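Colleague: This is the structure, below, for whatever I ask next.
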Amino acid sequence: MNKAKHWFMLCALLVFAGTAFSQNKGKLQIYFVDVEGGQATLFVTPAGESLLIDTGWPGGNGRDADRIVAAATKAGLSKIDYVLITHFHVDHVGGVPQLAARIPIGTFIDHGPNREASDTSTEQGYEAYQKLLATGKYQHIVAKPGDTLPIKGFSATVISADGNLIDHPLPGGGEENSYCKTSETRAADQSENARSLGILITFGKLRILDLGDLTWDKEMQLMCPVNRLGHVNILVVSHHGLFQSSSPALVDAIHPQVAIMDNGATKGGSKATLETFKSVPGLEALWQLHYSEEGGSSLNTQDALIANPQGPDHGYDLELTASQDGDFSVLNPRTGVSKFYSAK
Ligand SMILES: [Zn+2]
């Protein structure tokens, strides 16, 4: 390529990047990073503040931390303002040290002490995180149900933390929940999952729910007999789509328009959960980070809505862009195709 051509390409690229930036002005960006069956979801508000929910797994030469930093870079960030750790299982807190070594972080948010100290990998992940907090370089918030997180650009209300739940319906909730009848009662989960720090984000007309790995028994407590949440537009499917979560009492009652599942090829995406999502009232689309091998061709969502299909794994993410007026779209970077939704 000659010099003039080079300059032309560079200018075209800058114009394109500038256009992409101005188009996203005033919008909320969400990156569902593929951490192979863990969680790492990056929110960037129109005010330019960022919230990362969970950090994926440790090890692998920082594979998950690298993927998170790649998403942050794509979003134009040089720092992550808030990192929220839903609970201390290794697929959520494990990536913290590697992430902190790669990008500045402002504040960590969690539910308080690890409640599963008997589990070796959980305790190791928790201790590595505590060591980082002890450096004094970071702010630290222990969140409780009902708290509002101090992030500018949207409102984030804590729904669950350390096994506790909001004790009253939020605006938009308060109706009797008819789906409690169709949800079996299950024994209380004793693990860190049930301690998950879960939040509801309100951005203009949109309501977005992420409850971490909150378990079925806690969902029933939260949603029965009265639906304390009301309708949700965008659901980050709890617990990677494992069958220990996603009771009808939760998912049918909140009847999300769009659900996004952070499953891996062989973790999450349980048959029972995929079946549940086949009949959620009003659901326009289920997106998945991976094709679930357990789900097979009949239960997985359509190929266009899967970031990483069967075959070589490229670690593609999913990217959601939302406006205050309730319009949003989800991009599958693998195909380059995005789908548009309007708040209902
Ligand atoms: Zn998990």
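The values are calculated or read from the model by the stated rules, or taken from the named source; none is laboratory data. Here the structure is a predicted model, which is why all the values come from computation and not from measurement. Here the Cβ positions follow ideal geometry from the backbone for every residue, glycine too, while neighbour counts run over all protein chains shown. In case anyone asks, the SASA skips ligands and DNA or RNA and just uses the protein heavy atoms, side chains included. Shrake-Rupley method; radii C 1.70, N 1.55, O 1.52, S 1.80 Å.
Colleague: Give the long-range amide H neighbours of Ile141: residues separated by 5 or more places, or on another chain, with amide H under 5 Å away, using H modelled in the peptide plane at 1.01 Å from N.
Modeller: When sequence neighbours closer than 5 places are left aside, the close amide H contacts are Phe108, Ile109, Asp110.
Colleague: Let me ask something additional. Which value in Å does the Kirkwood hydrodynamic radius of the chain take, with 1/r averaged over all unlike C-alpha pairs and then inverted?
Modeller: Details: mean 1/r = 0.0494 Å⁻¹.
Hydrodynamic radius (Kirkwood, Cα only) of the chain equals 20.3 Å.
Colleague: Another one. In square nanometres, what is one fourth of the surface area of the convex hull spanned by the alpha carbons of the stretch 97-164? Don't jump to the answer; show the numbers that get you there.
Modeller: Details: hull surface 21.8 nm².
Projected over every direction and averaged, the Cα hull of the stretch 97-164 covers 5.4 nm².
Colleague: Per DSSP helix of 4 or more residues, -39500 (n - 2.57); summed, then divided by the residues of the chain. What does that give at 222 nm, rounded to the nearest 500? If you can, show how the numbers build up before the last one.
Modeller: Details: 9 runs with 83 residues, N = 344.
Per the formula, -7000 deg cm²/dmol.
Colleague: Still on this structure, please answer the following. Given a cut-off of 28 Å, name the pairs among Lys74/Lys339; Lys137/Lys267; Lys144/Lys278; Lys25/Lys131 whose C-alpha atoms lie farther apart than that in the structure shown.
Modeller: Values: Lys74/Lys339 20 Å; Lys137/Lys267 34 Å; Lys144/Lys278 33 Å; Lys25/Lys131 37 Å.
Where the Cα-Cα span goes over 28 Å, the pairs concerned are Lys137/Lys267; Lys144/Lys278; Lys25/Lys131.
Colleague: On the first, second and third principal axes, largest extent first, how far apart are the outermost C-alpha atoms of the stretch 84-227 in Å?
Modeller: 48, 38, 20
Colleague: Okay, moving on. Between Ser342 and Ala188, what length comes free when the chain is fully extended (0.36 nm per residue of separation minus the Cα-Cα distance, one decimal in nm)?
Modeller: Difference between extended and current length: 51.7 nm.
Colleague: Could you state the principal axis extents of the C-alpha atoms in the stretch 22-68, from the largest down, to the nearest angstrom?
Modeller: Answer, in whole Å and largest first: 36, 16, 15 Å.
Colleague: Quick one: net charge of Val69's neighbours, Cβ under 15 Å, K/R +1, D/E -1? Could you put the intermediate results ahead of the total?
Modeller: Details: positive: Arg63, Arg67, Lys74, Lys79, Arg102; negative: Asp34, Asp54, Asp64, Asp66, Asp81, Asp317.
That sum, taken over residues with Cβ under 15 Å, equals -1.
Colleague: In straight Cα distance, which aspartates and glutamates are under 16 Å from Lys344, not counting same-chain residues fewer than 8 positions off?
Modeller: Filter leaves Asp252, Glu284, Asp325, Asp327.
Colleague: Now a separate question. Counting only C-alpha contacts under 8 Å and six or more residues apart, can you give the relative contact order of the chain as a whole percent? Numbers along the way, then the final one.
Modeller: Numbers: 805 pairs, mean separation 49.6, N = 344.
That works out to 14 percent.
Colleague: Go ahead and set up a Gaussian network model of the chain, Cα springs under 10 Å, then flag whichever of Ala161, Ala75, Ala322 fluctuates most.
Modeller: For the chain, modelled as a Gaussian network with Cα springs under 10 Å, the answer is Ala75.
Colleague: Over 25 Å apart: what share of the alpha carbon pairs of the stretch 179-311 falls there, rounded to a whole percent? Please list the in-between numbers first.
Modeller: Values: 1723 of 8778 pairs.
For the stretch 179-311, the share of Cα pairs beyond 25 Å comes to 20 percent.
Colleague: Among the aspartates and glutamates, which fall within straight-line cross-link reach of Lys218, defined as a Cα-Cα distance under 15 Å, with same-chain neighbours fewer than 8 residues apart omitted?
Modeller: Qualifying aspartates and glutamates at Cα under 15 Å: Asp162, Asp167, Glu184, Asp189, Glu192, Asp210.
Colleague: Same structure again: With a 10 Å cut-off between alpha carbons and a GNM built on the chain, which of Val93, Val35, Val258 moves the most?
Modeller: It is Val258.
Colleague: Rounded to whole Hz and in sequence order, give me ³J(HN,Hα) for the stretch 292-299 from the Karplus expression 6.51 cos²θ - 1.76 cosθ + 1.60, θ = phi - 60°, writing x for Gly and Pro.
Modeller: The phi angles translate into 8, 4, 5, x, x, 5, 7, 9 Hz.
Colleague: Follow-up. What's the carbon and sulfur percent of the chain's accessible surface, probe 1.4 angstrom, rounded to a whole number? Spell out each step's value before the answer.
Modeller: On the way: 7850 of 14480 Å².
Carbon plus sulfur share of accessible area: 54 percent.
Colleague: While we're here: Of Thr120, Pro248, Trp287, which is farthest on the positive side of the dipole of the chain, counting Cα position, with +1 on Lys and Arg Cβ, -1 on Asp and Glu Cβ, and the Cα centre as origin?
Modeller: It is Trp287.
Colleague: From the backbone phi of the stretch 248-253, what are the Karplus-calculated ³J(HN,Hα) couplings (6.51 cos²θ - 1.76 cosθ + 1.60, θ = phi - 60°) in whole Hz, Gly and Pro given as x?
Modeller: x, 4, 8, 6, 6, 6
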